[in-house]
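These notes concern the structure reproduced below.
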Amino acid sequence: MKFQPDNNGYYGQFGGAFIPELLYPNVKELEDNYIQIIESEEFQTEYKDLLKHYVGRPSPLYLAKRLSEKYGATIYLKREDLNHTGAHKVNNTIGQILIAKHLGKTKILAETGAGQHGVATATVCALMGLECVVFMGEIDIQRQAPNVARMKMLGAKVVPATSGSKTLKDATNEAIRYWIQHPDTYYLIGSVVGPHPYPDMVARLQAVISEEMKIQLKEQTGKENPDTIIACVGGGSNAAGAFYHYLEDEEVELIAVEAAGLGVNSGESAATSQLGEVGVIHGSKTILMQDEYGQIVEPYSISAGLDYPGVGPLHAYLHETKRATFMNATDNEALNAAYELTKIEGIIPALESAHALAVLPKMDLQKDQVIVVNLSGRGDKDLETYIKHLS
Ligand SMILES: *Cc1c(COP(=O)(O)O)cnc(C)c1O
């Protein structure tokens, strides 16, 4: 299995666990147990039951007829936007909260940038009656007031990160520091990033997306493989989930779409695969945007969920091996794609998901080409941005 990590969590040269000595016991405990827990009947029963009755899965696979007509292909949308809390992130937090419970943890720690992962974590902590602490950059707290309010209503404690640029990477640093001081807490990471085993664990939990796709495509087209899957990439979890069961089927084309912000070479971008170099971020070796001194370059995208200076190690490997094609979309291209989907299909996508849609006009498509676009989330959270740019 070429695209599964080895025993040390490496995909080729990427991955591993670069962590302070003091965290070793925590990470080792998780590493020793996660596969066994995930594969146990008890976990699977509870996880599948919550995904069905709480999250609302399976999410529909919708044939977007008017979009298909416009682009001259057969385009399906995998509707992760219809999940409880409005995006794919909850698939992961439901899974990890069950793993935390199996490990006997009662306190959950998370960090969040835009607040989407913080809300998904606070949600499952409320559901399970567990204590929840969320680190968030002070600037992000000001920018993302509605999500901060949601987390508080859900009972989470939101702690401002006041160091550095007061954004996601600082929240991550402070969360890790807190974890060292409180080793009894469970650190719930929101994407396929972080030290091994997090990237593989989160990919396995998001893999339900492609597991359902296979069944739904078989029902609707007679074949379980599409020709092409398109997904946006911030850290890479929705793409990892949409690609997962097709990784080894190399005839299925995988397209990962990054945020180009104001343009890949504008200095205001988050297109990591185009601009990044090998380095260590968040405990794993991957590609990240850094300056000549190895300092992380602050990324930029209109979409908060894609505004991350790295990608997970699986994606670094998919890029290096060319198993996936990396494309990108600017702020404006994503906005236009979002308006278009809204007008012709009556679906307001999240700005992140709009980046995946925005590459359709750049592709050379065939009428019978079956494409699945992973619609990672809904656009309610982005309405203010959409209205501001509508004129
Ligand atoms: C967080 C988020 C993303 C980006 O995260 P990935 O881990 O790359 O999937 C994409 N879409 C939505 C709707 C999000 O909330």
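Values quoted throughout were computed directly from the atomic coordinates according to the rules given, and no laboratory measurement underlies them. Not measured: the values here are computed from a predicted model. All Cβ positions, even for glycine, are placed from backbone atoms using ideal geometry, and neighbour counts span all protein chains on display.
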In the neighbourhood of K367 defined by beta carbon distances under 14 Å, the net charge of the other residues (Lys, Arg +1; Asp, Glu -1) is -2
Sum of side-chain charges, E298 neighbourhood, beta-carbon under 13 Å (Lys, Arg +1; Asp, Glu -1): -3
By per-residue mean of other Cβ atoms within 10 Å, what is the highest-first order of 133-142, 16-25? 133-142, 16-25
Given a 10 angstrom Cα cut-off, can you work out which residue in Q181, Q144, Q96 is the most mobile in a GNM of the chain? Q181
Shape of region 25-184, Cα gyration tensor, a/c cut at 1.5: oblate
Quick one: grab the alpha carbon gyration tensor of region 46-129, order the square roots of its eigenvalues as a ≥ b ≥ c, and give me rounded if a/c is under 1.5, else prolate or oblate depending on whether a/b is larger than b/c. prolate
Order these by the 10 Å Cβ neighbour count, fewest first: L130, L335. L130, L335
With Q144 itself left out, Lys, Arg at +1 and Asp, Glu at -1 over residues whose Cβ is under 10 Å from its Cβ give +2
Quick one: check the C-alpha center-to-center distance for region 48-88 versus region 316-391, whole angstrom. 14
As a percent rounded to 5, the proportion of antiparallel DSSP bridges among beta bridges in the chain is 30
Is region 327-383 best put as rounded, prolate or oblate by its Cα gyration tensor, with a ≥ b ≥ c the root eigenvalues, rounded for a/c under 1.5, and otherwise prolate when a/b is larger than b/c, oblate when not? prolate
Quick check on the chain: helices-only [θ] at 222 nm, where DSSP H runs of length 4 and up contribute -39,500 (n - 2.57) each and the sum goes over total residues. Nearest 500, please. -12000 deg cm²/dmol
How high is the relative contact order of the chain, given as a whole-number percent (alpha carbon pairs under 8 Å, six or more residues apart)? 20
If I measure Cβ to Cβ between cysteines in the chain, which ones have no partner under 4.7 Å? C232
